[in-house]
Amino acid sequence: MRTTCLLQSILVALIVAVFGLIVPGSISAKTIRVDLNGGGDYLTIQEGIDTVSDGDTVLVIDGIYTGVGNKDLDFNGKPIVVTSENGAKFTIIDCQEEGIGFYFRNSEGLTSVVRGFTIRNGKATISDMILGGIHCHESSPTITNNIITDSPGVAITCGNGCAALITNNVIVNTYGNVCAGHGSSPKIINNVIAGNSEWGIWIVVNSTPIIMNNIIVNNRQGISRGWEGGEPTILYNDVWSSPDGNYVSHVGQISSDLGDISEDPLFVDPENGDYHLQPGSPCTNAGHPDVAYNDPDGTRNDIGAYGGPDAAGWSAFVERTKGDINADAVVDVRDAILCLRIAAGLALATTETAVRITPTAYEKWAADMDGDGKITSADALLILYESVGRLIAEPKLLASSNLETTVKLPQITALPGQTVTVPILVEGCRDVFGADIKLVYDPVFLTILGVETGASGSLMAVNTQNSGQIVAALVNPKGMVGGNGEIIRVTLQAKGEVSSGVYLCRLVADGEHWSRTVKIVLLR
């Protein structure tokens, strides 16, 4: 099972999937855009598929796609690419348990590609099997860089001669992950298969899948061969934490052919959907050692969805930044204007035939700077601060010598429930005989545990009697070396019941004349 011919066949499939999306007539291939908000050529994904020709691309703009035309999608045998613009995080097919994402049943081959979607809440029944995401019958598409989740059915089913390439997907929280049956031979390579209520991979009825470089963890069974199941090829996987067994067979025995491990993969944050590997993960550089399967950076294959040559598909989606609403890689005043337009319900884009008012999923994510689920003028102000933050003056006090004293509070990052001590600093402080400095905070998410005089040795009179603010009177700090130092230290606790997000404090100096908004970032 580990012959040169086997490796060559897998390599050919990978080359076709990554580089071989050229088919007859594709020299003049076109791309059409699907946008549920009216900013593209069509409103539904199926309309886009029905319109394009062999070799074309259907590009789906960010959003949550539901209803007729956005589920039970059928390529109708066309060698085309259906892909999201910005990746699975922002482009969601929600089947609402009234259908599945895609059907392949018209002899599609590897040049029929579905890429970059979250497919969730899928449910349909064929021959007493509940389907959950993508069904392949007598077809062999390429399925890559997708997230399939939250389904009572089987995420990907392969039957009747299916030789699909299933690579670099995250498949979690379904009934089962991949079913290979009825003489199918899919190549299941570099996926994360986790937290499914039954099996990770199920092999039945004379099927011979290649299972390689996958993380298959926390499923009831890992790799399971049912009655009349064929011989799988199992290489360089991490199969771990399967209560009923990592390798289960009803006929004979199955086990790893070569290179499998069984260890905690050390995901970054699986509870919040991040299945990247932490530093020190046993899956790093542990995949198939052949250079054909190297990661995009040229190092040995990392087991899991973010390893191997097709991992480049994840990075091909544009990296996004909070505040960068127009996705031009710069956070600037144009983004702040877009934020205000979203907040006011004004048009975001116009074409000759339509006006788009509703923001895309990505635009809403980028605009919600404070993470409260609402888009308001406060978010626009934060975008402005982000865009020119280095040019905005800190709060200043006017010294008697006509020198300006700068007051600073650093941005704070904490975990909910964590206690941190932060300084309030001054620079250029000479001959300031008296001034009030006030820290205004929201007691819903912060508790002030204490305030003490800073290391500068300046004299302070501190008032913490009013919940939500600390007032410190700066008194004759002539003793500061160089006029710079820490005037007070505030010990605060981020309340444990508060969710992750960006919260705000305000530092006020010289009455209300100077003020600055300070971000407090709570991370889980």
Completion exercise
Given the conditions (1) open to solvent by 40 Å² or more (accessible area, probe 1.4 Å); (2) within 27 Å of P359 (Cβ to Cβ); (3) free of Cβ contacts under 8 Å to residues at least 60 places away in the same chain, every one holds for N106 apart from (2)
Practice task
Return yes when A163 is assigned to a loop (DSSP other than H, G, I, E, B), of a type in the set (G, A, S) and within 23 Å of L266 (Cα to Cα) and no when it is not.
Solution key: no
Completion exercise
Taking the stretch 262-274 and the residues there that are under 18 Å from Y236 (Cα atoms) and touching a Phe, Trp or Tyr at 6+ places or on another chain (Cβ under 8 Å), the one that is least open to solvent (accessible area, probe 1.4 Å) would be P265
Practice task
Go through the stretch 17-60 and give me each residue that's at pLDDT below 95 and within 30 Å of Y293 (Cβ to Cβ).
Solution key: A17, V18, F19, G20, L21, I22, V23, P24, S26, A29
Practice task
Pull up the stretch 286-345, narrow it to residues that are in a loop (DSSP other than H, G, I, E, B) and of a type in the set (F, W, Y), then point me to the one that is modelled with the highest pLDDT.
Solution key: Y306
Exercise for the section: Could you check how many residues of the stretch 354-407 are part of a loop (DSSP other than H, G, I, E, B), open to solvent by 70 Å² or more (accessible area, probe 1.4 Å), at pLDDT 65 or above and aliphatic (A, V, I, L, M)? Expected result: 1
Practice task
Can you work out which of the residues in the stretch 268-322 that are β-branched (V, I, T) and under 15 Å from the mean Cα position of the chain (by Cα) is farthest from T149 (Cα to Cα)?
Solution key: T321
Problem - Inter-residue pairs, beta-carbon under 6 Å, first open to solvent by 30 Å² or more (accessible area, probe 1.4 Å) and in the stretch 26-48, second modelled with pLDDT of 90 or more and in a helix (DSSP H, G or I), 6+ apart - result: Y42/G48
Problem - Checking S281 against (1) open to solvent by 40 Å² or more (accessible area, probe 1.4 Å); (2) under 22 Å from S242 (Cβ atoms); (3) free of Cβ contacts under 8 Å to residues at least 40 places away in the same chain, the condition it does not meet - result: (1)
Problem - Selection from the stretch 61-105 of residues that are of a type in the set (K, R) and at pLDDT 95 or above - result: K71, K78, R105
Problem - For G161: the one exception among (1) in contact with a Phe, Trp or Tyr (Cβ under 6 Å, 6 or more places away or on another chain); (2) open to solvent by 30 Å² or more (accessible area, probe 1.4 Å); (3) within 17 Å of P209 (Cβ to Cβ) - result: (1)
Exercise for the section: Only residues in the stretch 362-377 that are among the acidic types (D, E) count as the first member; pair them with residues that are at pLDDT 85 or above, Cβ under 7 angstrom, at least 6 apart or cross-chain, and list the lot. Expected result: E363/I325; E363/I342; D368/I375
Problem - Only listed residue being crowded, with 16+ Cβ neighbours inside 10 Å, over 30 Å from W227 (Cβ atoms) and of a type in the set (A, V, I, L, M), chosen from A343, A329, A312, A316 - result: A343
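The values are calculated or read from the model by the stated rules, or taken from the named source; none is laboratory data. Just so you know, these numbers come straight off a predicted model, no measurement behind them. Virtual Cβ from ideal backbone geometry, glycine too; neighbours counted across all protein chains shown. Surface accessibility is based on the protein's heavy atoms, side chains included, excluding ligands, DNA and RNA. Shrake-Rupley method; radii C 1.70, N 1.55, O 1.52, S 1.80 Å.
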